[in-house]
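Shown next, in structure tokens, is the structure this report addresses.
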Amino acid sequence: MSGIVDHPSAQYPAWLGAAGKPLVPITVIVGPSGNGAKALALARAESGHVVYDKNDVITELSGMPWPQAPEFIRPALQRRNAFLASLATPAGVAGIRHVWLIEHSPEAWQRRFWSERLGAQILLVDPGRDRALVAAAAEGVEAKWVHRWYADAAKGAGRPAVAIAAAEPSNRGYDGRHRKMRDKQLAKQPLCQMCLEVGRSTPATVLDHIKPYRRPDKSIDHKLWGDPKNHRSLCEDCHNANGAQRARPEKPPGAGVDGRPLDPAHPWNKNRD
């Protein structure tokens with residue numbers, strides 16, 4: 001979702017709709033890669049319905065799975081735009097009763113484009129970052145594009161406020177600034193750095209602080225908290241695992257994620273029993 005894909009003249013052409021609105025209803029399904037939009041559209045499609053995904057066009061033009069052929073994005077967009085323009089003519093909609101269009105469109109203005117230019121109904125399908133990462137990986141899509149979608153969505157109310165509140169642990173003190181730092185870090189380093197150390201390639205989902213930013217008195221060292229050099233990308237499992245916690249002075253070696261020593265013979269455990 002950068003460069004040509006974001007360019008208005010290609011992805012969101014100003015001339016689209018100038019000849020009139022489509023003569024058939026259009027539903028635009030938007031969301032990140034790995035959101036299952038095409039499967040949903042196919043499940044809902046009936047006789048006379050067309051499911052249009054430009055990724056299929058890329059594959060058709062290139063003869064390769066679409067993530068491997070980025071140079072075919074422009075011709076695929078040109079073909080998609082020609083198809084959408086034809087829907088304003090009787091000949092273009094012959095035999096077509098409904099069109100399901102698959103798009104990313106993370107930002108609000110992009111969704112307004114489809115709504116205003118085509119009179120389309122917008123359907124957001126957002127499975128959450130973690131599920132999208134897993135599904136996108138299975139499709140051969142790099143994790144950075146999923147992270148980019150969520151970063152772009154956060155720019156201008158691209159996702160419903162309820163979805164953002166439900167997805168982010170704001171009750172634990174993670175505010176909008178933390179989300180921006182996390183998205184920037186994950187875009188820079190989309191794979192879990194601890195998994196890479198043992199030869200695994202796992203999509204990262206968490207911004208982790210290498211050095212703890214809480215002082216002994218529980219106050220926050222804001223310089224450490226916001227320093228990009230103190231950030232690393234981790235997957236949820238590594239973030240919660242003992243290995244991630246052992247790197248923190250406030251979590252002694254051999255402690256669980258709650259800070260309690262794992263050894264039953266440890267004096268702390270004896271005193272608590």
By residue number, the members of segment 174-183 that are over 16 Å from residue 133 (Cα atoms) and either in the same structural domain as residue 34 (by TED's automatic domain parsing) or of a type in the set (D, E, K, R) (or both) are 175, 177, 179, 180
Condition first: in a loop (DSSP other than H, G, I, E, B) and without any contact (Cβ under 8 Å) to a residue 24 or more places away in the chain. Now tell me which residues in segment 45-71 satisfy that. 63, 64, 69
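Scan segment 85-105 residue by residue and report those that are more than 26 Å from the chain's Cα centre (by Cα) and either outside the structural domain of residue 61 (by TED's automatic domain parsing) or hydrophobic (A, V, I, L, M, F, W, C) (or both). Quick ask: steps written out before the conclusion?
Pass one, segment 85-105, residues more than 26 Å from the chain's Cα centre (by Cα): 85-98.
Selection gives 85, 87, 88, 91, 93, 94, 96.
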From the residues in segment 193-238 that are among the small types (Gly, Ala, Ser) and under 21 Å from residue 134 (Cβ atoms), which one is surrounded by the fewest Cβ atoms within 10 Å (Cβ to Cβ)? 199
Tell me, please, whether a residue that is part of a helix (DSSP H, G or I), surrounded by 20 or more Cβ atoms within 10 Å (Cβ to Cβ), touching a residue at least 40 places away in the same chain (Cβ under 8 Å) and of a type in the set (Val, Ile, Thr) can be found in segment 97-105. no
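The values are calculated or read from the model by the stated rules, or taken from the named source; none is laboratory data. Note that the structure is predicted; figures quoted are calculated from it, not measured. Here Cβ is always computed from backbone atoms with ideal geometry, including for glycine, and neighbour counts include all displayed protein chains.
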